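These notes concern the structure reproduced below.
The values are calculated or read from the model by the stated rules, or taken from the named source; none is laboratory data. These numbers come from a predicted model, not from an experiment. When we count neighbours, we look across all protein chains shown, and the Cβ atoms used for this are built from the backbone with ideal geometry, even at glycine. In case anyone asks, the SASA skips ligands and DNA or RNA and just uses the protein heavy atoms, side chains included. Shrake-Rupley method; radii C 1.70, N 1.55, O 1.52, S 1.80 Å.
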Amino acid sequence: MLNLDIAAFLQTYWQKKPCVIRNALPDFTDFIDEHELAGLAMEPELDSRVISKQAEQWSVQQGPFEDFSACQGQWTLLVQGVDRFLDDASELMQKFNFIPNWRVDDLMISFGVPGAGVGPHVDQYDVFLLQGKGSRRWRVGSPEGLTSTQPVKGLCQVDDFTPVIDCELQPGDILYIPPGWPHDGVTLSDSLTYSIGFRAPDQAQLGNYLAEHLQTQSTGAKRYTDPALVLSDSPAEVSAKEVDALKDLLHQAIDDDSFSQNLLAMLSEQGIEPEINEPVNSQSLQEHLESGATLVKLPGCRPLLNRQFPDCLFINGEVIKFAPENYPLMCQLISKADIDRTDMAPAPDKLDIFYTFTTLVNMGYWEL
């Protein structure tokens with residue numbers, strides 16, 4: 001658990017202002033080192049890059065990497081989505097489960113040498129910066145009056161700012177930064193930083209979700225009609241009534257339950273590519289659990305549930321049906337990393353709970 005008063009943090013800081021949480025994870029120990037991180041940066045499934053500065057010149061090189069010749073001068077290696085590949089990384093993300101699953105983005109891990117950083121910049125998402133080994137100096141400024149710059153393609157920065165926070169993080173310390181607050185971290189000694197990021201879709205992304213939903217509807221999208229059209233003095237004029245009718249078409253699509261269901265499915269998309277193993281049936285799954293073994297959730301897997309659809313589990317862009325009477329128990333089970341027989345015992349529909357998790361195991365989201 002985090003050494004944090006969560007209720008007070010949400011009330012005072014979340015999406016409001018940055019803060020430093022000293023000793024947030026007492027005795028925190030890195031579960032990865034820079035060499036293992038470099039190994040992950042060679043994997044094509046992971047988004048990685050090296051950002052370096054030499055003689056005041058910035059450079060960005062995108063992975064996957066075959067070698068690390070880009071690591072020159074003051075350099076930082078960054079690897080995204082590590083929680084989808086390492087159990088320890090996924091467990092770290094669980095410590096932040098006071099934020100809803102659908103808001104979780106991923107865990108980025110970075111390693112920097114002394115003097116390294118990515119320059120002053122702004123993120124459009126909430127982030128907790130957990131310090132691993134080494135130390136970094138962080139400055140955080142106010143979101144007002146910022147000027148954007150791009151010193152090199154692929155690197156967005158802002159001009160320097162007056163800090164409202166200026167601190168050094170030691171292992172186990174966390175710096176929380178809301179969206180839009182400029183920040184700049186500089187490595188003081190060889191340093192690992194764990195960036196726990198949280199997404200928030202903007203109107204453009206939500207509009208894309210709606211467009212994708214409408215394109216997949218078997219009945220086709222509703223079209224504008226005007227059977228009561230009357231003679232107008234000017235064919236160039238679009239009446240307020242016509243504009244309202246067009247907007248109402250969008251409102252109808254948004255308010256439809258089918259869009260709500262598709263929206264939840266799209267919000268559950270995490271880009272996970274599970275490995276499909278030898279299929280099992282519900283009987284063998286039950287025997288597996290009765291032997292005292294467990295089911296283990298795939299790292300980085302964060303399914304969603306919604307009371308409006310009590311028979312639906314939304315997972316990685318897909319919808320899995322289950323008995324609605326099992327909804328309260330499903331809320332508990334999908335939040336656990338491991339599930340055993342006693343966890344499933346309270347299920348009102350026991351056959352269905354075994355069938356549901358048999359499906360999830362055969363899809364690769366849980367493992368025997």
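Please specify each residue of segment 147-168 satisfying the condition of being among the aliphatic types (A, V, I, L, M) and buried (at least 16 other Cβ atoms within 10 Å of the Cβ). Step through it out loud before you land on a result.
Quick first cut of segment 147-168, residues among the aliphatic types (A, V, I, L, M) only: 152, 155, 158, 164-165.
LEU155, VAL158, ILE165 - these are the residues of segment 147-168 that are among the aliphatic types (A, V, I, L, M) and buried (at least 16 other Cβ atoms within 10 Å of the Cβ).
Being closer than 30 Å to VAL158 by Cβ and either touching a Ser or Thr at 6+ places or on another chain (Cβ under 6 Å) or open to solvent by 90 Å² or more (accessible area, probe 1.4 Å) (or both): is that true of GLN283 here?
Details: closer than 30 Å to VAL158 by Cβ: no; either touching a Ser or Thr at 6+ places or on another chain (Cβ under 6 Å) or open to solvent by 90 Å² or more (accessible area, probe 1.4 Å) (or both): yes.
The answer is no for GLN283.
Can you tell me which of ALA24, ALA7, ALA55, ALA41 is among the small types (Gly, Ala, Ser) and out of contact with any Gly (no Cβ under 9 Å at 6 or more places or on another chain)? Explain how you work it out, then say what you get.
Working: ALA24 fails: out of contact with any Gly (no Cβ under 9 Å at 6 or more places or on another chain); ALA55 fails: out of contact with any Gly (no Cβ under 9 Å at 6 or more places or on another chain); ALA41 fails: out of contact with any Gly (no Cβ under 9 Å at 6 or more places or on another chain).
That would be ALA7, the only listed residue that is among the small types (Gly, Ala, Ser) and out of contact with any Gly (no Cβ under 9 Å at 6 or more places or on another chain).
Take segment 206-223 and flag every residue that is modelled with pLDDT under 95 and either in contact with a Ser or Thr (Cβ under 6 Å, 6 or more places away or on another chain) or open to solvent by 70 Å² or more (accessible area, probe 1.4 Å) (or both).
GLU212, GLN215, THR216, SER218, THR219, LYS222, ARG223
Which count do you get for residues in segment 102-115 that are closer than 16 Å to ASP33 by Cα, open to solvent by 20 Å² or more (accessible area, probe 1.4 Å) and under 13 Å from the mean Cα position of the chain (by Cα)?
1
Just to check your reading of the model, which residue among VAL127, VAL118, VAL186, VAL140 is open to solvent by 20 Å² or more (accessible area, probe 1.4 Å), under 24 Å from the mean Cα position of the chain (by Cα) and touching a residue at least 40 places away in the same chain (Cβ under 8 Å)? I'd like the intermediate steps shown before the answer.
Details: VAL127 fails: open to solvent by 20 Å² or more (accessible area, probe 1.4 Å); VAL186 fails: under 24 Å from the mean Cα position of the chain (by Cα); VAL140 fails: open to solvent by 20 Å² or more (accessible area, probe 1.4 Å).
Among VAL127, VAL118, VAL186, VAL140, only VAL118 is open to solvent by 20 Å² or more (accessible area, probe 1.4 Å), under 24 Å from the mean Cα position of the chain (by Cα) and touching a residue at least 40 places away in the same chain (Cβ under 8 Å).
Looking at ASP88, ASP30, ASP47, which one is within 16 Å of ASP190 (Cβ to Cβ) and either at pLDDT below 95 or acidic (Asp, Glu) (or both)? Write out each step before concluding.
Values: ASP88 fails: within 16 Å of ASP190 (Cβ to Cβ); ASP47 fails: within 16 Å of ASP190 (Cβ to Cβ).
None of the other options fit; the residue is ASP30.
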